[in-house]
């Protein structure tokens, strides 16, 4: 079997997507150093190179390569729970959060004044494609492995396809048309072209359909940090919804909700975001065994004024008086004169015991996806049933919405109150409902029509002319 070698010393990977071919190797190397078994660490390899066929001949190191991708997703790029991730930056970019702090990266997002040379826009792009490249390296390495069992090969390739679809989905919703990268070949990646968002969704759908075939029904770990078949169904439901495939989206959600053995609503809202929550479909583990989420450290504060950000008054006023989410998922902080509120979904940022993981996919979103899909397909009764499930969990009565438009507006409102500060849902929802201009231009002084997309990083356009033209307005 021909070996696939990656030399560690050829390329500087910090400056460009298209120079990152070898950066994924650092991911693999770090996985080996941090997570591999002692026997493998003791194996002598050339100082200048690491062969991926060596990495993927051992189950422990192959798993380490995959799980290290999850750690990178948790710590860097779009889905990190730190202040530099989408949960925070798109919160201040839209109408969820007001910015109070001195975080250098935040003002251009809060003021809606991004430019193509913005370093955070570039970091989002590069780190995410870096994670995609690492996923492609896993797919390649596992597929040519001669030692891994068929079961392990299916699991790892299924996970890597899941991650590849997830990350491209977010890139398309941030940047619009983007390349869908499925190879580790530098010559191809450096001249990749952008494809329409609809094509990105179609490729993500194909990846997820294959992942559903490959992944097992049961989780390979009890803490739901490695995606199973139902996590792929859940993500595919979201992709189908965004693609306007209403029946497909509804069916994918049903595949998850019908699995009442693994997934059940938590009646106590304080349990929704605990690491053992039965509503969790897929989550990211903290960086330390006794750690908690970056989200708690980002959003929680104990005295005013807020050190970074706080929920807007407009958002807090959107809750009705009896909404339990206001009581359990937000927290008021006062200095005796002014009162601020912060997200309080994650409560244990400073604890020395691990209580919470960062939840990426959960049941609440599934009910709302199916409600919307049903509403668009004309099943208004079914749409209201799903919508009312969310409302009942929040302690609210049935919706008063009757017509399709009323039901869709009610769903948008429930998505706002259910999914706030979770990976940019509000930004994406306002775009999908064609309300982003009317809503944000009225309350964001710096808002321009082109702000519904981020600019393509200027450095990437210079390196790869195939990425042109730049998004409008930049």
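Might you let me know whether the range 327-344 holds any residue that is surrounded by 22 or more Cβ atoms within 10 Å (Cβ to Cβ) and either within 19 Å of residue 225 (Cβ to Cβ) or in the same structural domain as residue 93 (by TED's automatic domain parsing) (or both)? No, that holds for no residue. For residue 361, state whether it is at pLDDT 95 or above and not in a strand (DSSP E or B). Spelling it out, it is not the case that residue 361 is at pLDDT 95 or above and not in a strand (DSSP E or B). Could you list, in sequence order, all residues of the range 388-438 that are within 19 Å of the chain's Cα centre (by Cα) and in a loop (DSSP other than H, G, I, E, B)? Those that are within 19 Å of the chain's Cα centre (by Cα) and in a loop (DSSP other than H, G, I, E, B): 419, 420, 421, 422, 423, 424. Restricting 154, 72, 122 to those that are farther than 27 Å from residue 293 by Cβ, assigned to a helix (DSSP H, G or I) and either at pLDDT below 95 or touching a helix residue (DSSP H, G or I) at 6+ places or on another chain (Cβ under 7 Å) (or both) reduces the list to 154.
For the range 343-355, which residues satisfy the criterion of being within 25 Å of residue 265 (Cβ to Cβ) and either in a strand (DSSP E or B) or touching a helix residue (DSSP H, G or I) at 6+ places or on another chain (Cβ under 7 Å) (or both)? Residues satisfying the conditions are 343, 344, 345, 346, 347, 348. Each residue in the range 240-274 was checked for being over 15 Å from residue 371 (Cα atoms) and crowded, with 16+ Cβ neighbours inside 10 Å, and 9 pass. Residues considered: 103, 114. Of these, the only one that is over 19 Å from residue 226 (Cα atoms), touching a strand residue (DSSP E or B) at 6+ places or on another chain (Cβ under 9 Å) and not in a helix (DSSP H, G or I) is 103.
The values are calculated or read from the model by the stated rules, or taken from the named source; none is laboratory data. This one's a predicted model, so the numbers in the text were calculated from it and none came from an experiment. FYI the Cβ positions are ideal-geometry reconstructions off the backbone, even for glycines, and counts take in every protein chain you see.
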